[in-house]
Amino acid sequence: LNEDDGADAKSNPSNGMGQSGDPTEASAIPGFHEMVLEAIEDINSASSPPKAEEENPSINQLAYDNLQTLLRDKKPSIRAIATDVDGTLLSGQYLHPRTQEAILKAIDQAYTSTEKQKIQHFFPATGKSRKGAEISLGPIIGPLLYQCPGVYIQGLYCVDKEGNVVFEKKLSASAVWAAEALVAEFGISIVGYDGDDLYTTEQTDVVISLSEYYGEPTVQLIADEGTDSVIKLADHEPGIHKLLLMDNDLEKLALFRPKLEELAKRNGATVTQAIPTMLELLPAGCSKADGVERLCEALGVDGATELLALGDAENDAGMLESAAIGIAVGNACPRAMDAADFIMRERHDEGAAGLAMNLFGFDV
(Lines give C-alpha, C1' and ligand atoms only; values in the text may rest on other atoms or scores of the structure.)
Protein backbone atom coordinates (compact mmCIF):
# COMPACT_ATOMS: atom_id res chain seq x y z
CA LEU A 1 0.00 0.00 0.00
CA ASN A 2 1.34 3.42 -0.92
CA GLU A 3 0.81 6.39 1.33
CA ASP A 4 -1.27 7.95 -1.47
CA ASP A 5 -3.77 5.08 -1.28
CA GLY A 6 -5.39 6.57 1.83
CA ALA A 7 -6.23 5.05 5.21
CA ASP A 8 -9.61 3.41 4.61
CA ALA A 9 -8.26 -0.03 3.66
CA LYS A 10 -8.60 -2.33 6.63
CA SER A 11 -5.66 -4.66 6.06
CA ASN A 12 -2.62 -2.47 5.51
CA PRO A 13 0.42 -1.20 7.41
CA SER A 14 -1.40 2.02 8.31
CA ASN A 15 -3.37 0.02 10.85
CA GLY A 16 -0.57 0.76 13.22
CA MET A 17 0.57 -2.85 13.51
CA GLY A 18 0.81 -5.79 11.17
CA GLN A 19 -1.31 -8.91 11.49
CA SER A 20 1.36 -10.89 13.29
CA GLY A 21 1.32 -8.59 16.31
CA ASP A 22 5.13 -8.54 16.28
CA PRO A 23 6.36 -6.07 18.90
CA THR A 24 8.75 -4.55 16.38
CA GLU A 25 5.83 -3.28 14.30
CA ALA A 26 4.43 0.21 14.45
CA SER A 27 1.84 0.07 17.19
CA ALA A 28 4.42 -1.40 19.54
CA ILE A 29 7.28 0.93 18.62
CA PRO A 30 8.47 3.01 21.59
CA GLY A 31 7.21 6.53 21.20
CA PHE A 32 4.04 5.59 19.34
CA HIS A 33 1.88 7.01 22.11
CA GLU A 34 3.61 10.33 21.72
CA MET A 35 2.07 10.28 18.24
CA VAL A 36 -1.33 9.58 19.72
CA LEU A 37 -1.01 12.42 22.20
CA GLU A 38 0.12 14.83 19.52
CA ALA A 39 -2.79 13.81 17.31
CA ILE A 40 -5.28 14.45 20.10
CA GLU A 41 -3.80 17.85 20.88
CA ASP A 42 -3.88 19.09 17.30
CA ILE A 43 -5.22 16.81 14.60
CA ASN A 44 -5.23 19.62 12.08
CA SER A 45 -1.64 20.59 12.68
CA ALA A 46 0.43 21.02 9.57
CA SER A 47 3.61 20.26 11.45
CA SER A 48 5.66 17.19 10.64
CA PRO A 49 4.78 13.94 12.43
CA PRO A 50 7.01 12.65 15.22
CA LYS A 51 10.27 11.21 14.04
CA ALA A 52 9.81 7.59 12.94
CA GLU A 53 11.94 4.84 14.42
CA GLU A 54 14.82 4.12 12.09
CA GLU A 55 14.15 0.39 11.93
CA ASN A 56 10.59 0.79 10.60
CA PRO A 57 10.09 4.33 9.27
CA SER A 58 7.51 3.62 6.55
CA ILE A 59 5.13 1.68 8.81
CA ASN A 60 5.49 4.26 11.57
CA GLN A 61 4.67 7.09 9.15
CA LEU A 62 1.66 5.24 7.75
CA ALA A 63 0.38 4.54 11.27
CA TYR A 64 0.62 8.21 12.12
CA ASP A 65 -1.09 9.29 8.89
CA ASN A 66 -3.91 6.79 9.40
CA LEU A 67 -4.50 7.98 12.96
CA GLN A 68 -4.68 11.57 11.78
CA THR A 69 -7.18 10.61 9.07
CA LEU A 70 -9.45 8.71 11.48
CA LEU A 71 -9.48 11.53 14.01
CA ARG A 72 -9.97 14.28 11.45
CA ASP A 73 -12.38 12.67 8.98
CA LYS A 74 -14.29 9.94 10.83
CA LYS A 75 -14.36 10.64 14.56
CA PRO A 76 -16.61 13.73 14.32
CA SER A 77 -19.47 11.60 12.92
CA ILE A 78 -19.27 8.84 15.56
CA ARG A 79 -22.39 8.69 17.73
CA ALA A 80 -22.65 4.99 18.63
CA ILE A 81 -20.27 2.46 20.18
CA ALA A 82 -20.52 -1.31 19.81
CA THR A 83 -18.06 -3.46 21.72
CA ASP A 84 -17.22 -7.10 22.18
CA VAL A 85 -16.99 -8.30 25.79
CA ASP A 86 -14.62 -11.26 26.32
CA GLY A 87 -11.10 -10.41 25.19
CA THR A 88 -11.96 -6.77 24.50
CA LEU A 89 -13.58 -5.25 27.58
CA LEU A 90 -12.61 -8.18 29.78
CA SER A 91 -9.45 -10.15 30.40
CA GLY A 92 -10.89 -13.27 32.00
CA GLN A 93 -13.06 -11.71 34.69
CA TYR A 94 -10.97 -8.53 34.97
CA LEU A 95 -12.36 -5.17 33.83
CA HIS A 96 -9.67 -2.49 33.76
CA PRO A 97 -10.66 0.69 35.67
CA ARG A 98 -10.01 2.83 32.58
CA THR A 99 -12.38 0.68 30.54
CA GLN A 100 -15.01 0.70 33.27
CA GLU A 101 -14.85 4.48 33.44
CA ALA A 102 -15.26 4.78 29.67
CA ILE A 103 -18.28 2.43 29.66
CA LEU A 104 -19.92 4.47 32.41
CA LYS A 105 -19.26 7.66 30.46
CA ALA A 106 -20.76 6.19 27.28
CA ILE A 107 -23.88 4.94 29.06
CA ASP A 108 -24.29 8.29 30.81
CA GLN A 109 -24.00 10.22 27.54
CA ALA A 110 -26.37 7.90 25.72
CA TYR A 111 -29.08 7.14 28.26
CA THR A 112 -28.95 9.22 31.44
CA SER A 113 -27.75 12.70 30.48
CA THR A 114 -30.49 15.34 30.25
CA GLU A 115 -28.55 17.15 27.52
CA LYS A 116 -27.81 15.82 24.05
CA GLN A 117 -24.35 14.30 23.98
CA LYS A 118 -22.02 13.11 21.20
CA ILE A 119 -22.49 9.41 22.02
CA GLN A 120 -26.17 8.57 21.68
CA HIS A 121 -25.97 4.76 21.73
CA PHE A 122 -23.73 2.25 23.51
CA PHE A 123 -24.23 -1.50 23.32
CA PRO A 124 -22.41 -4.80 23.80
CA ALA A 125 -21.99 -7.03 20.75
CA THR A 126 -21.09 -10.42 22.15
CA GLY A 127 -21.41 -14.15 21.83
CA LYS A 128 -22.62 -14.22 25.41
CA SER A 129 -26.19 -14.39 26.58
CA ARG A 130 -27.59 -11.15 27.95
CA LYS A 131 -27.48 -12.55 31.48
CA GLY A 132 -23.93 -13.75 30.91
CA ALA A 133 -22.81 -10.28 29.84
CA GLU A 134 -24.42 -8.81 32.95
CA ILE A 135 -22.70 -11.30 35.25
CA SER A 136 -19.32 -10.96 33.55
CA LEU A 137 -19.20 -7.16 33.64
CA GLY A 138 -19.77 -7.08 37.38
CA PRO A 139 -22.04 -5.30 39.84
CA ILE A 140 -21.35 -1.77 38.61
CA ILE A 141 -21.61 -2.18 34.83
CA GLY A 142 -23.69 -5.35 34.57
CA PRO A 143 -27.09 -4.00 35.75
CA LEU A 144 -26.69 -0.96 33.47
CA LEU A 145 -26.82 -3.21 30.39
CA TYR A 146 -30.59 -3.39 30.87
CA GLN A 147 -30.70 0.32 30.01
CA CYS A 148 -28.86 -0.38 26.76
CA PRO A 149 -29.60 -2.08 23.46
CA GLY A 150 -27.58 -5.22 22.84
CA VAL A 151 -26.41 -7.78 20.31
CA TYR A 152 -26.20 -11.13 22.07
CA ILE A 153 -25.47 -14.78 21.20
CA GLN A 154 -23.43 -13.77 18.11
CA GLY A 155 -26.19 -11.60 16.67
CA LEU A 156 -28.94 -14.20 17.12
CA TYR A 157 -30.72 -12.26 19.86
CA CYS A 158 -30.81 -8.46 19.48
CA VAL A 159 -32.80 -6.10 21.70
CA ASP A 160 -33.42 -2.37 21.96
CA LYS A 161 -32.94 -0.46 25.20
CA GLU A 162 -36.47 -1.28 26.32
CA GLY A 163 -35.73 -4.98 25.91
CA ASN A 164 -37.89 -5.40 22.80
CA VAL A 165 -36.54 -8.09 20.47
CA VAL A 166 -35.26 -6.50 17.25
CA PHE A 167 -34.06 -9.76 15.70
CA GLU A 168 -33.92 -13.42 16.69
CA LYS A 169 -33.06 -16.64 14.89
CA LYS A 170 -32.50 -20.27 15.91
CA LEU A 171 -30.74 -23.29 14.43
CA SER A 172 -32.69 -25.89 12.52
CA ALA A 173 -33.42 -29.12 14.39
CA SER A 174 -31.47 -31.00 11.70
CA ALA A 175 -28.34 -28.94 12.38
CA VAL A 176 -28.58 -29.62 16.12
CA TRP A 177 -29.16 -33.37 15.56
CA ALA A 178 -26.17 -33.61 13.21
CA ALA A 179 -23.90 -31.65 15.57
CA GLU A 180 -24.82 -33.89 18.51
CA ALA A 181 -23.90 -36.97 16.47
CA LEU A 182 -20.57 -35.42 15.45
CA VAL A 183 -19.54 -34.44 18.99
CA ALA A 184 -20.32 -37.97 20.16
CA GLU A 185 -17.94 -39.28 17.49
CA PHE A 186 -15.12 -36.92 18.56
CA GLY A 187 -15.79 -36.90 22.31
CA ILE A 188 -16.29 -33.13 22.41
CA SER A 189 -18.53 -31.24 24.84
CA ILE A 190 -21.62 -29.41 23.63
CA VAL A 191 -23.73 -26.55 25.03
CA GLY A 192 -26.92 -25.15 23.52
CA TYR A 193 -28.12 -21.57 24.02
CA ASP A 194 -31.79 -20.69 24.28
CA GLY A 195 -31.70 -17.03 25.30
CA ASP A 196 -30.39 -16.83 28.87
CA ASP A 197 -30.88 -20.58 29.37
CA LEU A 198 -27.89 -22.80 28.61
CA TYR A 199 -28.19 -26.58 28.29
CA THR A 200 -25.85 -29.55 27.92
CA THR A 201 -26.08 -33.32 27.80
CA GLU A 202 -23.00 -33.81 30.01
CA GLN A 203 -21.45 -31.65 32.72
CA THR A 204 -17.77 -31.86 31.76
CA ASP A 205 -15.03 -29.64 33.19
CA VAL A 206 -14.96 -27.43 30.09
CA VAL A 207 -18.74 -27.01 30.27
CA ILE A 208 -18.57 -26.04 33.94
CA SER A 209 -15.83 -23.48 33.14
CA LEU A 210 -18.32 -21.63 30.93
CA SER A 211 -20.06 -20.43 34.09
CA GLU A 212 -17.17 -20.43 36.55
CA TYR A 213 -14.64 -18.63 34.34
CA TYR A 214 -16.57 -16.92 31.54
CA GLY A 215 -19.50 -15.72 33.65
CA GLU A 216 -22.34 -17.36 31.72
CA PRO A 217 -25.45 -18.55 33.60
CA THR A 218 -25.10 -22.04 35.09
CA VAL A 219 -25.35 -24.65 32.33
CA GLN A 220 -28.22 -27.05 33.01
CA LEU A 221 -28.50 -30.71 32.08
CA ILE A 222 -31.27 -30.89 29.51
CA ALA A 223 -33.95 -33.25 30.77
CA ASP A 224 -37.45 -34.43 29.99
CA GLU A 225 -39.88 -32.55 32.26
CA GLY A 226 -41.88 -35.68 32.97
CA THR A 227 -39.11 -38.18 33.70
CA ASP A 228 -36.06 -35.98 34.42
CA SER A 229 -34.06 -38.21 32.07
CA VAL A 230 -31.44 -36.49 29.89
CA ILE A 231 -32.65 -35.83 26.35
CA LYS A 232 -31.05 -34.55 23.16
CA LEU A 233 -30.61 -30.82 22.63
CA ALA A 234 -32.47 -31.27 19.35
CA ASP A 235 -35.52 -32.29 21.39
CA HIS A 236 -35.62 -28.93 23.17
CA GLU A 237 -38.93 -27.63 21.82
CA PRO A 238 -38.36 -23.85 22.00
CA GLY A 239 -35.26 -24.46 19.87
CA ILE A 240 -31.58 -23.52 20.15
CA HIS A 241 -30.02 -20.21 19.08
CA LYS A 242 -26.47 -21.54 18.84
CA LEU A 243 -24.26 -24.44 19.87
CA LEU A 244 -20.87 -24.27 21.56
CA LEU A 245 -18.57 -27.19 20.73
CA MET A 246 -15.89 -27.24 23.41
CA ASP A 247 -12.63 -29.00 24.22
CA ASN A 248 -9.40 -28.04 25.95
CA ASP A 249 -7.44 -30.10 23.41
CA LEU A 250 -6.82 -27.54 20.67
CA GLU A 251 -5.41 -30.12 18.27
CA LYS A 252 -8.58 -32.19 18.55
CA LEU A 253 -10.67 -29.08 18.00
CA ALA A 254 -8.62 -28.21 14.91
CA LEU A 255 -9.33 -31.66 13.46
CA PHE A 256 -12.99 -31.32 14.40
CA ARG A 257 -13.55 -27.95 12.73
CA PRO A 258 -13.46 -29.07 9.06
CA LYS A 259 -16.02 -31.77 9.85
CA LEU A 260 -18.20 -29.20 11.60
CA GLU A 261 -17.94 -26.83 8.65
CA GLU A 262 -19.02 -29.60 6.26
CA LEU A 263 -21.97 -30.32 8.55
CA ALA A 264 -22.85 -26.63 8.64
CA LYS A 265 -23.01 -26.39 4.83
CA ARG A 266 -25.38 -29.36 4.67
CA ASN A 267 -27.68 -28.05 7.39
CA GLY A 268 -28.09 -24.32 6.82
CA ALA A 269 -25.55 -23.24 9.43
CA THR A 270 -22.18 -21.52 9.75
CA VAL A 271 -19.13 -21.82 12.03
CA THR A 272 -17.26 -19.10 13.91
CA GLN A 273 -14.84 -18.86 16.83
CA ALA A 274 -14.29 -16.38 19.66
CA ILE A 275 -12.37 -18.47 22.22
CA PRO A 276 -9.59 -20.94 21.29
CA THR A 277 -11.27 -23.81 23.16
CA MET A 278 -14.71 -23.22 21.63
CA LEU A 279 -16.26 -23.43 18.18
CA GLU A 280 -19.73 -22.02 17.57
CA LEU A 281 -22.46 -23.25 15.24
CA LEU A 282 -24.91 -20.54 14.14
CA PRO A 283 -27.77 -20.36 11.62
CA ALA A 284 -26.50 -19.56 8.12
CA GLY A 285 -26.55 -15.90 7.18
CA CYS A 286 -26.20 -14.81 10.80
CA SER A 287 -23.21 -13.32 12.57
CA LYS A 288 -22.30 -10.69 15.10
CA ALA A 289 -21.79 -8.23 12.24
CA ASP A 290 -25.27 -8.99 10.90
CA GLY A 291 -26.78 -8.45 14.35
CA VAL A 292 -24.96 -5.13 14.73
CA GLU A 293 -26.23 -4.02 11.34
CA ARG A 294 -29.83 -4.94 12.23
CA LEU A 295 -29.66 -3.17 15.58
CA CYS A 296 -28.08 -0.06 14.07
CA GLU A 297 -30.91 0.07 11.55
CA ALA A 298 -33.46 -0.15 14.38
CA LEU A 299 -31.65 2.64 16.25
CA GLY A 300 -31.39 4.90 13.20
CA VAL A 301 -27.60 4.65 13.15
CA ASP A 302 -25.61 4.46 9.92
CA GLY A 303 -22.96 1.93 10.90
CA ALA A 304 -20.72 2.79 7.97
CA THR A 305 -20.35 6.41 9.06
CA GLU A 306 -21.48 6.69 12.70
CA LEU A 307 -20.35 3.51 14.52
CA LEU A 308 -17.18 2.87 16.52
CA ALA A 309 -16.68 -0.88 16.97
CA LEU A 310 -14.18 -2.63 19.26
CA GLY A 311 -13.14 -6.29 19.14
CA ASP A 312 -10.42 -8.91 19.36
CA ALA A 313 -11.53 -12.19 17.76
CA GLU A 314 -12.44 -13.90 14.51
CA ASN A 315 -16.14 -13.36 15.19
CA ASP A 316 -15.53 -9.59 15.52
CA ALA A 317 -13.89 -9.18 12.12
CA GLY A 318 -17.05 -8.45 10.14
CA MET A 319 -18.21 -5.87 12.68
CA LEU A 320 -14.81 -4.13 12.67
CA GLU A 321 -14.70 -4.08 8.89
CA SER A 322 -18.18 -2.63 8.38
CA ALA A 323 -18.02 0.03 11.11
CA ALA A 324 -16.98 3.62 10.41
CA ILE A 325 -14.04 3.04 12.75
CA GLY A 326 -13.07 -0.52 13.67
CA ILE A 327 -10.56 -0.91 16.50
CA ALA A 328 -8.72 -4.10 17.43
CA VAL A 329 -7.22 -4.30 20.91
CA GLY A 330 -3.56 -5.26 21.25
CA ASN A 331 -4.28 -8.89 22.07
CA ALA A 332 -6.48 -9.37 18.99
CA CYS A 333 -6.10 -12.31 16.62
CA PRO A 334 -4.71 -11.76 13.10
CA ARG A 335 -8.18 -11.93 11.52
CA ALA A 336 -9.46 -9.09 13.71
CA MET A 337 -6.30 -7.05 13.15
CA ASP A 338 -6.66 -7.37 9.39
CA ALA A 339 -10.25 -6.14 9.58
CA ALA A 340 -9.54 -3.14 11.81
CA ASP A 341 -8.80 0.46 10.87
CA PHE A 342 -6.48 0.77 13.83
CA ILE A 343 -4.81 -1.57 16.33
CA MET A 344 -4.24 -0.46 19.89
CA ARG A 345 -0.83 -1.06 21.41
CA GLU A 346 -2.49 -1.89 24.73
CA ARG A 347 -4.15 -5.20 25.51
CA HIS A 348 -7.53 -5.84 27.11
CA ASP A 349 -5.94 -6.08 30.57
CA GLU A 350 -4.26 -2.69 30.07
CA GLY A 351 -7.48 -0.79 29.39
CA ALA A 352 -7.24 -0.76 25.59
CA ALA A 353 -11.01 -0.55 25.09
CA GLY A 354 -11.28 2.43 27.42
CA LEU A 355 -8.44 4.22 25.67
CA ALA A 356 -10.04 3.54 22.29
CA MET A 357 -13.42 4.92 23.37
CA ASN A 358 -11.76 8.07 24.67
CA LEU A 359 -9.58 8.52 21.61
CA PHE A 360 -12.03 7.64 18.83
CA GLY A 361 -15.45 8.14 20.42
CA PHE A 362 -15.73 10.93 22.95
CA ASP A 363 -14.98 14.58 22.41
CA VAL A 364 -11.78 15.47 24.25
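Estimate the FRET efficiency between Glu251 and Asp108 by the formula 1/(1 + (r/R0)^6), using the beta-carbon distance for r and 45 Å for R0, to the nearest 0.05.
Calculated value: 0.45.
Accessible area of Glu297, 1.4 Å probe, to the nearest 10 Å²?
Around 150 Å² of this residue is reachable by solvent.
Sorting Phe256, Phe167 by accessible area (1.4 Å probe), largest first, what list results? Kindly include the intermediate steps, with their values, before the conclusion.
Numbers: Phe256 0, Phe167 30 Å².
Of Phe256, Phe167, the descending order of accessible area is Phe167, Phe256.
Could you state how much accessible area Val292 has, in square angstrom rounded to the nearest 10, with a 1.4 Å probe and all protein chains kept in place?
We get 10 Å² for Val292.
Skipping prolines and chain starts, which residues have an amide H placed within reach, meaning under 5 Å, of the one on Tyr152, given they are 5 or more residues away or on another chain?
Thr126, Tyr157, Cys158, Val159
Based solely on C-alpha atoms, express the radius of gyration and the Dmax of segment 152-300 in angstrom.
Every Cα atom of segment 152-300 included, Rg and Dmax give 15.2, 48 Å.
How much accessible surface area, in Å² rounded to 10, belongs to the heavy atoms of Glu185 with a 1.4 Å probe?
Rounded to the nearest 10, that gives 140 Å².
Could I have the simple spin-label model distance between Gln220 and Asp205, label points 7 Å from Cα toward Cβ, reported in nm to one decimal?
Each label point lies 7 Å from its Cα, and together they span 2.7 nm.
Could you give the Stokes-Einstein D for segment 224-339 in µm² per second, using the C-alpha Kirkwood radius, 20 °C, 1.002 mPa s?
133
For a label point 7 angstrom out from the Cα of Tyr213 toward its Cβ, which stretches of segment 294-331 have the backbone nitrogen within less than 19 Å?
Within reach of a label on Tyr213: 312-315, 331.
Report, please, the projected area of segment 193-244 averaged over directions, based on the convex hull of its C-alpha atoms, in nm².
Across all orientations, segment 193-244 yields a mean hull projection of 3.6 nm².
Are any of the pairs Lys75/Lys118; Lys128/Lys288; Lys131/Lys161; Lys232/Lys252; Lys74/Lys128 more than 18 Å apart by Cα-Cα distance, and if so, which? Present the calculation step by step, with values, prior to reporting the outcome.
On the way: Lys75/Lys118 10 Å; Lys128/Lys288 11 Å; Lys131/Lys161 15 Å; Lys232/Lys252 23 Å; Lys74/Lys128 29 Å.
Long pairs (Cα-Cα over 18 Å): Lys232/Lys252; Lys74/Lys128.
Using mean Cβ contacts within 10 Å as the protection proxy, how do 99-109, 335-345, 215-225 order, highest first?
So the peptides 99-109, 335-345, 215-225, ranked by packing, come out 335-345, 99-109, 215-225.
What order, most packed first, do the peptides 84-91, 173-180 have when packing is the mean number of other Cβ atoms within 10 Å of each residue?
Result, highest mean Cβ count within 10 Å first: 84-91, 173-180.
The values are calculated or read from the model by the stated rules, or taken from the named source; none is laboratory data. Since this is a predicted model, take the numbers as computed values, not measurements. Heads up, the Cβs are rebuilt from the backbone with ideal geometry, glycines too, and the neighbour counts pull from every protein chain shown. All accessible areas refer to the heavy atoms of the entire protein, side chains included, with ligands and DNA or RNA removed. Shrake-Rupley method; radii C 1.70, N 1.55, O 1.52, S 1.80 Å.
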